[in-house]
Each structure stands twice: as structure tokens, then as C-alpha cells.
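Enquirer: Got a structure here, written out as C-alpha cells. Questions coming.
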Amino acid sequence: MDKATSVLAALDAGKLPSTQQLNDFIDWLDKVGIASVEPSSSGNLSSQGRLLAKRVRQVLDAHKKLGVDKN
């Protein structure tokens with residue numbers, strides 16, 4: 001959870017979070033948030049929900065790649 005608070009603290013201070021802070025947050029979100037909707041536990045999600053989770057993961061991965069390639 002400190003990943004989210006470090007990103008929010010940077011934004012609250014009027015600064016952009018560092019690439020490392022964003023990458024840590026994305027990794028945390030992928031591990032904690034999106035992992036709970038993996039195909040193994042997809043009995044609770046419709047096919048559209050699984051597709052949405054997959055697309056969110058793709059967007060987050062693309063954002064991480066953009067940050068790495070930028071620097």
C-alpha cells in the first residue's frame with residue numbers, strides 16, 4: 001500500500017511521481033488488484049469482465065514500457 005501512498009504524496013505535493021514510483025505502484029496493483037481476477041478465479045467474472053481485466057493489465061504494462069523507454 002505504500003506504493004499508492006508515495007504516488008499520491010507526490011501528486012499532493014504538486015509533483016509528478018517518479019518512473020520508479022509509478023512502476024512500483026503498477027507492479028503492486030497488478031499483484032494485488034488484478035491478480036484477484038485471474039482466469040483461475042474467473043468464475044465470478046463474465047467474459048467481458050475478464051476481457052476488461054486483461055486490457056487494464058495491457059494498458060498498465062504499456063505505461064511501464066513507455067516510462068522505461070522514455071528514459
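The values are calculated or read from the model by the stated rules, or taken from the named source; none is laboratory data. Worth saying up front: this structure is predicted, and the values here are computed from it rather than measured. Reconstructed Cβ throughout: ideal geometry from the backbone, glycine too, with neighbour counts over all protein chains shown. Heads up: the accessible areas ignore ligands, DNA and RNA and are worked out on the full protein's heavy atoms, side chains in. Shrake-Rupley method; radii C 1.70, N 1.55, O 1.52, S 1.80 Å.
Enquirer: Let me check I've understood the local charge: for GLN58, count other residues with C-beta under 12 angstrom from its C-beta, Lys and Arg +1, Asp and Glu -1. What total comes out?
Expert: Neighbourhood net charge equals +3.
Enquirer: Whole-Hz Karplus ³J(HN,Hα) for segment 48-58, in order, using 6.51 cos²θ - 1.76 cosθ + 1.60 and θ = phi - 60°, x for Gly and Pro?
Expert: Taking θ as phi minus 60°, the curve returns 5, x, 5, 5, 4, 4, 5, 5, 4, 4, 5 Hz for segment 48-58.
Enquirer: Test of understanding: what is the full-extension gain from LYS65 to SER18, defined as 0.36 nm times their sequence separation minus their Cα-Cα distance?
Expert: 15.5 nm
Enquirer: Please list SER6, SER47 in order of solvent-accessible area, largest first, computed with a 1.4 Å probe with all protein chains present.
Expert: SER47, SER6
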